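Every number in this text was worked out from the coordinates using simple rules, so none of it is lab data. The structure displayed is predicted, hence computed values, not measured ones. Here the Cβ positions follow ideal geometry from the backbone for every residue, glycine too, while neighbour counts run over all protein chains shown.
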Amino acid sequence: MLAHGVADQLHMIDRAVATLTRATEALLKAADEVSLLEDICRIAVDVAGYRLVWVGMPEHSPDRKVSAVAAAGQGRTYLQEISVAWDDGPLGRGPVGTAIRTGRTQVVRSIETHPDFAPWREAATRHGFRAVVSLPLGEVGDIVGALNIYAGESTTFDDDTVRLLEDVARNLTYGVRALRIKAEHDKAVRDLAESEERYRSLVEMTPDAILVHSKGVILYANPAAGRVFGAEGRPMTGLNVVDLVPTEMRDTIARRVANPPTGRVLAEHPMCRIDGTPFDAEVVGSSVAYHGHPARFLVIRDVTERRQVQEQLVQTSKLATLGEMAAGLVHELSQPLNIIRLTAEGALLFMERGKATPEWQAQQFELIAEQSQRTAEIIDDIRIFSRRDSSPIQVFDAIGAVRSALAVLEGQMRPDEIEVETDLPEAMVPVRGRRVQLEQVIMNLLSNAHHALKEKQADQAGGWVATVAVSARRRGDGLVITVEDTGPGIPPAVRSRIFEPFFTTKEAGRGTGLGLSVSFGIINSMGGRLEIQDRAIGACFTITLPVDDLTGIGHDPEVVPTPQHQMAATGHIMVVDDEKTAAATVGRYLEELGHRVTLCTSGSQAYETFMRDPADVVITDLRMPAGGGEQLVERLRDFDPLLPIIIVTGHLGATERLAENLQDDRCSVLKKPVALARLGDIVIDFLQPPGE
């Protein structure tokens, strides 16, 4: 009898050893986790003869269920009849739940009598199960699941057999983890390949040029680069990025290539196509590793059309602002014109009655000249502000720009009983950008404040003072310009949209909704910020700009030179203007200086007269009937490239265009109204022999 018991025990151990051996072989051959688990279950049933073997995995759901992921044996329908958990409730206190929860092997040698097996006893007995062992796969805190083995004899799971089965569970745990790591690695490789393919597609399909270069030498160029740089059909690899910028920028770009900046860099500057054609570009650069070596990744976008649209938008906003300011500008111009007329008529009256002494007449004419200059300054501000700004970015005095904007609009506010307070530094504050555009921003903010205060005045009782305050102060390396008013303010609900294009709080028919949006873009392009500040009363906008240095700051003072009439050379001067009164006045002045003067009223007449009787200096207007001044200038220059020409015009666009085309010391461009003394001095300069 004893020998029979020993034989049974050895047989069980042999089955467990065989299971361990075959399970190890399956582990070495396993391709994925599910196949491994199914192979282990099948081996335990086929080799060891167990009735049911299954692997349960814990679900991390509120009810903490255990789900069967692999099973083998005759009693598999048992799994469909039961419910197992791994919490501390009745369904979690059995061997499966306890093994998963505690990380310790659970052996039930008698299903009929084990108190914690009650929820599954009836089904287990029906399927012929007498004993069960649940082996945790892993340790507490890192449990993969449980290997559960059911036998038909209560004596199946002795201590030696359980130890061998624990080795099977440990090997299975290792195998599952290894396969999961392999699966994650394979997934990462697939994801990386898919990601690379996606990025390759993005790089190949993007309309922006993408270049990768190392120390300036292009290593990669996407197809769009060929289109952007006009190199379609020709490889760009091997070219140097320095050759893709204008000549005057190559030293700067070469230094940047030699010492690349860290991080992501965004810049806008001109670039050149392969044939040398320039275009405006937006360049984003960052450092990357390319085939294991450091390189720079550049994304280049042709923004020529976008710049043109932005300029059109800025121009539209400026013209809209001028339209709203029209009534006030008429008032500004009428003031000096009224003084001129009153002074002139008063002088005529005194002269008719013989009461005008020479000293008094001189005073009256000086007053008329001063008011004419005042009118000229107003017209010049409007003319500069309204033109399409294509001037280069340069360093200019921001305080001077603020004062110019105030000069245009301050006079419009005082008749509406609006007080203008200023707190501006006397010293220049240099910033980089376009002066006209900063003036546009200030004028837009002042115009908005003006409208807001006028609306509030209509509903306001006594005791309230309408005020606009403009101040500027240095703060570290920046300049802060503030424009605030005591108007109705801006409701919090609309502050987040105040800089959106076409958004306006003005009534229908007033305002385009472009002013603040364009202003925001202008300040942003200068490297600054335009912000609205919280105020209990009124609205407050601040402009923050980076301060530059004074090197290269532009000066264009309007100076009326002292007349050089004495001991001056005289010559033959041709005056061309369709306004006969203006031409005659200039002619009389020049004749008084000793010159011989020929008057013409059109460009064609002037050219014919010049060919018969050449003049030493030609003074001409631009816009005239029967042959304009531009055609006259071109024909005269074709005839004599060194002929001195003085252009006098009120058309600023044509003035600038001609000044660019005639960039020599034999041409001078004056804006109307012009000072006769200055005109006379330029004529004298042109009549001097070369070199004097």
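A few comments on the model shown:
- Overall, the anisotropy analysis places the stretch 111-230 in the prolate class: the square-rooted eigenvalues a ≥ b ≥ c of its C-alpha gyration tensor yield a/c not less than 1.5, with a/b exceeding b/c.
- Electrostatic dipole magnitude of the stretch 28-146 [Cβ: Lys, Arg +1; Asp, Glu -1; Cα centre; debye, to 20]: 420 debye
- Cα gyration tensor category, rounded, prolate or oblate, for the stretch 34-111 with a/c compared to 1.5: prolate
- Between residue 102 and residue 471, the distance separating the two model label sites (each 7 Å from Cα on the Cα→Cβ line) works out to 7.7 nm.
- Sorted on the mean count of surrounding Cβ atoms within 10 Å across their residues, most packed first, peptides 131-138, 262-269 read 131-138, 262-269.
- Computed over the stretch 177-297: relative contact order in percent, which uses C-alpha pairs under 8 Å that are six or more apart: 19 percent
- Proximal aspartates and glutamates to residue 65, defined as alpha-carbon separation beneath 20 angstrom and excluding residues fewer than eight positions away on the same chain: 81, 87, 88, 116, 139, 142
- 15 Å beta-carbon shell around residue 227, net charge (K/R +1, D/E -1): -3
- With K and R counted +1 and D and E -1, the other residues having a Cβ less than 12 Å from that of residue 54 yield a net charge of +2.
- A crude spin-label estimate for the pair residue 357 and residue 251, with each label 7 Å from Cα along the Cβ direction, gives 6.5 nm.
- Chain lengthening between residue 192 and residue 122 when straightened (0.36 nm per residue, less Cα-Cα): 20.0 nm
- For residue 217 and residue 666, the FRET efficiency from 1/(1 + (r/R0)^6), where r spans their Cβ atoms and R0 equals 51 Å, is about 0.60.
- Packing-based order for 171-177, 355-361, using average beta carbon neighbours within 10 Å, highest first: 171-177, 355-361
- Of 29/182; 580/671; 355/580, those spanning more than 25 Å from alpha-carbon to alpha-carbon: 355/580
- Mean Cβ neighbour count within 10 Å, used as a protection proxy, ranking 569-578, 464-473, 183-192 highest first: 569-578, 464-473, 183-192
- The stretch 46-190: C-alpha gyration tensor shape, a/c 1.5 cut-off, then a/b vs b/c: prolate
- Once both labels are positioned 7 Å from their Cα atoms along Cα-to-Cβ, the gap between residue 32 and residue 268 label points is 5.4 nm.
- Computed over the stretch 89-147: relative contact order in percent, which uses C-alpha pairs under 8 Å that are six or more apart: 38 percent
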